Each structure stands twice: as structure tokens, then as C-alpha cells.
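Novice: Have a look at the structure that comes next, please.
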Amino acid sequence: MTSIIPSRLTQLTKLRCSIFQTAYNPTSLRTGAKYLRARLRGPAMMRYYPAEVNLSQIARAYPELEIVDEAEEQRMLDVDEKKKRGKGAPKKAKTKADSRRTHRKR
């Protein structure tokens, strides 16, 4: 039986890769080609899940309908209640001198 010359085997591998459009990788390095060839999942997921209906966007688009978002109204009432009790968010500093960070000791 005759032995096959290694150079002929590499030529055959290169030719096979060019015919079948695969990557020539003689050292068997990890290339990630399997994942790069795979179809993207994002578009299929976007088609699967329906678009979210945002009540506030609809209310802004059609003001003549006078749609009231009850959850947003309740949130605004709660914020006002907290402000009255002094538990609201702190006021934003107008200048750098007003900032609390400048008064902090290091």
C-alpha cells in the first residue's frame, strides 16, 4: 500500500474548503465560525413578541380622546404627598457651589 504525502492532504483540504465554502483551519483553532454562520435570533424574537402598548404614548398622540393613565396619576399623587412631608427628591443644584458634593469632607 502506498502512503499519502502530507502536502497532498493539505492541498486536498484546501480544495475541499474552497468547494464547500468552509474555513480552512489546519491547526484546529477555535474561530467561532459556527456562531457567526448561525442565523440571528433578534429578528425572530421581535416578530414573536408583540409590541408593547404604551398608554401614555397613545394619550399624547390622540389628546381629543382624553385618556387618563390611572397608574401615572396615582404616581404623581404619591410624589406630591412625599414632597409635602419632606420625603421627595432633593432639588437640583443650579450652580456648582449649591452642590452637596462640594461641602463633603474627604
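Novice: Among the residues of region 78-106, write down those that are surrounded by 10 or more Cβ atoms within 10 Å (Cβ to Cβ) and at pLDDT 90 or above.
Specialist: Matches in region 78-106: 78, 79, 80, 81, 82, 83.
Novice: On the basis of being surrounded by 10 or more Cβ atoms within 10 Å (Cβ to Cβ), basic (Lys, Arg) and either part of a loop (DSSP other than H, G, I, E, B) or without any contact (Cβ under 8 Å) to a residue 60 or more places away in the chain (or both), does residue 14 make the cut?
Specialist: In short, yes.
Novice: When you look at residue 7, is it part of a helix (DSSP H, G or I) and surrounded by 10 or more Cβ atoms within 10 Å (Cβ to Cβ), yes or no?
Specialist: It is false that residue 7 is part of a helix (DSSP H, G or I) and surrounded by 10 or more Cβ atoms within 10 Å (Cβ to Cβ).
Novice: Next question, about the same structure. Of all residues being hydroxyl-bearing (Ser, Thr, Tyr) and loosely packed, with under 10 Cβ neighbours inside 10 Å in region 19-66, which is farthest from residue 76 (Cα to Cα)? Just the residue, please.
Specialist: This residue is 27.
The values are calculated or read from the model by the stated rules, or taken from the named source; none is laboratory data. Predicted model, so just to flag it, every value in this text is computed and none were measured. Here the Cβ is made from the backbone with ideal geometry for all residues, glycine too, and neighbour counts use every protein chain on show.
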